[in-house]
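Just below is one structure, and these are the notes that go with it.
Quick note: the coordinates plus some simple rules give every number you see, no bench work behind them. Quick caveat: nothing in here was measured; it's all calculated off a predicted structure. Please note: Cβ atoms are built from the backbone with ideal geometry, for glycine as well, and neighbour counts cover all protein chains shown.
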């Protein structure tokens, strides 16, 4: 990851953001833009039907990324750039002169493995489909917003980078945004990812460390080789040791054994078993302390000499200074108030973790109403999509006017 970006922390933008949001909503020259946003439900619903039905497991987002790139080009007429990890983006230069450089993104990948039925269906006014809200809604809003901004004459100062990125979910380790920040961090004046429930705004980045704990041994037959140490038995002792960890309530710190697998059959002494461990905290020191205690817990059960314990570090999502999110919260507050949507400042682990850790002005905003995320019964309310689209456009145009540029 890039080194932190040195920049002076500006004063609060809340007063200028409130004035700017009100002015943007009443600006006669922008009424076609707002009308277009409010009437874009069917367009975004069609985008969701097209994109969500293209499977996009983490590390296998290529086909969905190609389709999103098609829409980006169609919406803007701009050349779509890409990189080695699979991100796609366009850069739009505003028509109002110099200003900040802002990056907006939505992630392509889902938590669902290859072979998952990704059919989008409508029931009782809701749209259902794996990943339809996380982050299909964000993709639809970025792509439709790109078209509307282009048709409105790019009414902002500075530059917008509109990106569809890879590897936000699971063990992707945020590699998509890491690559974008490697490329652009020193130029950016702001970063916003579109992800999550309507009105949710990330105020604190939850740091994460992830490990695979494996146990290997000789194995054998459950009858004739009884007494041979089992990889499953020892892994179970490690899991129990981890379950006894104590964590502080403040700052909030958590752990989870999310997957356990191994063995061959009911009558086989297991040769191999493994688990996946997730450690989280909003505080870097608390996370480091939990990590140290977890390593001791893994080593605590006496290990038979026939067995080998392997600890693999799978990835890390850094935390950062909550001050980096403050300006986006100031922008979001008058927007969601004007749109009559509740605002909730959250602590979460998202693509924004990377730019926050780098000291950039960054956050993640939720733009749709839905539920059952990370299940095959995930749903969203299509009536919320135009509201989310208007919120995104207001956030982008407001930030372009109130954020200082380099």
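In percent, how large is the relative contact order of the range 207-317, given Cα pairs closer than 8 Å and 6 or more residues apart?
On the way: 225 pairs, mean separation 51.2, N = 111.
Relative contact order, the range 207-317: 46 percent.
Label residue 321 and residue 122 with points 7 Å out from Cα along Cα→Cβ: what is the distance between them in nm?
Result: 4.9 nm between the two label points.
With everything on Cα atoms, drop me the angle between helix 284-299 and the longest principal axis of the chain, reported from 0 to 90° to the nearest 10.
Relative to the chain, helix 284-299 is tipped by roughly 20 degrees.
Take the alpha carbon atoms of the range 244-323, find their center, do the same for the range 56-108, and report the distance between the two centers in whole angstrom.
Taking the Cα centre of each part, the range 244-323 and the range 56-108 sit 36 Å apart.
Expressed as an acute angle from 0 to 90° and rounded to the nearest 10, what is the orientation of the C-alpha long axis of helix 14-26 relative to the principal long axis of the chain?
Tilt relative to the chain: about 60 degrees.
So what is the relative contact order of the chain, in percent, for Cα pairs below 8 Å that sit 6 or more residues apart?
Details: 930 pairs, mean separation 103.1, N = 406.
RCO, the chain: 25 percent.
Which percent, nearest 5, of DSSP beta bridges in the chain are antiparallel?
Numbers: 46 of 68 bridges.
For the chain, the DSSP antiparallel bridge percentage is about 70.
Taking R0 as 41 Å, what FRET efficiency do you get between residue 53 and residue 347 from their Cβ-Cβ distance, rounded to the nearest 0.05?
Computed FRET efficiency for residue 53 and residue 347: 0.80.
Kindly express, to the nearest 10 degrees and within the range 0 to 90, the angle between helix 175-184's C-alpha long axis and the longest C-alpha principal axis of the chain.
Between helix and principal axis, roughly 40 degrees.
At 7 Å along Cα-to-Cβ for each site, give me the label-to-label distance between residue 406 and residue 19 in nm.
Modelled inter-label distance: 2.8 nm.
Identify which of the listed values of Cα extents along the principal axes in Å was calculated from the structure shown: (1) 103, 47, 31; (2) 83, 49, 39; (3) 83, 46, 37.
(3)
Express the C-alpha Rg of the range 207-317 as a ratio against the empirical globular expectation 2.2 N^0.38 Å, rounded to two decimals. The partial results should precede the final answer.
Details: Rg = 15.3 Å, N = 111, 2.2 N^0.38 = 13.2 Å.
Ratio of Cα Rg to 2.2 N^0.38 Å: 1.16.
Residue separation times 0.36 nm, minus the C-alpha to C-alpha distance between residue 259 and residue 375: what's the value? Before the final figure, lay out each step's value.
Details: separation 116, 0.36 × 116 = 41.76 nm, distance 1.60 nm.
Extra length available between residue 259 and residue 375 comes to 40.2 nm.
Give the peptides 193-205, 311-323, 245-257, 153-165 in descending order of average Cβ contacts within 10 Å, highest first.
Numbers: 193-205: 24.7, 311-323: 15.8, 245-257: 13.6, 153-165: 22.3.
Taking the mean over residues of other Cβ atoms within 10 Å, the ranking is 193-205, 153-165, 311-323, 245-257.
Expressed as cubic angstrom per residue, what is the convex hull volume of the alpha carbon set of the range 189-257? Don't skip to the answer; put the middle values down first.
Values: hull volume 11.8 nm³, N = 69.
Hull volume over Cα atoms, normalised by residue count, gives 170 Å³.
Calculate the spin-label point distance for residue 74 paired with residue 186, positioning each point 7 Å from the Cα along the beta-carbon direction, and give it in nanometres.
Those two pseudo-labels are separated by 3.8 nm.
Can you report the principal axis dimensions of the range 177-222 using only the alpha carbons, biggest first, rounded to whole angstrom?
61, 30, 15
Rounded to the nearest 0.05, what FRET efficiency is calculated for residue 171 and residue 31 with R0 set to 35 Å and r the Cβ-Cβ distance? Before the final figure, lay out each step's value.
Details: r = 46 Å, r/R0 = 1.31.
For R0 = 35 Å, the calculated efficiency reads 0.15.
Between residue 309 and residue 246, 0.36 nm times their residue separation minus their Cα-Cα distance comes to what?
On the way: separation 63, 0.36 × 63 = 22.68 nm, distance 2.27 nm.
Answer, rounded to one decimal: 20.4 nm.
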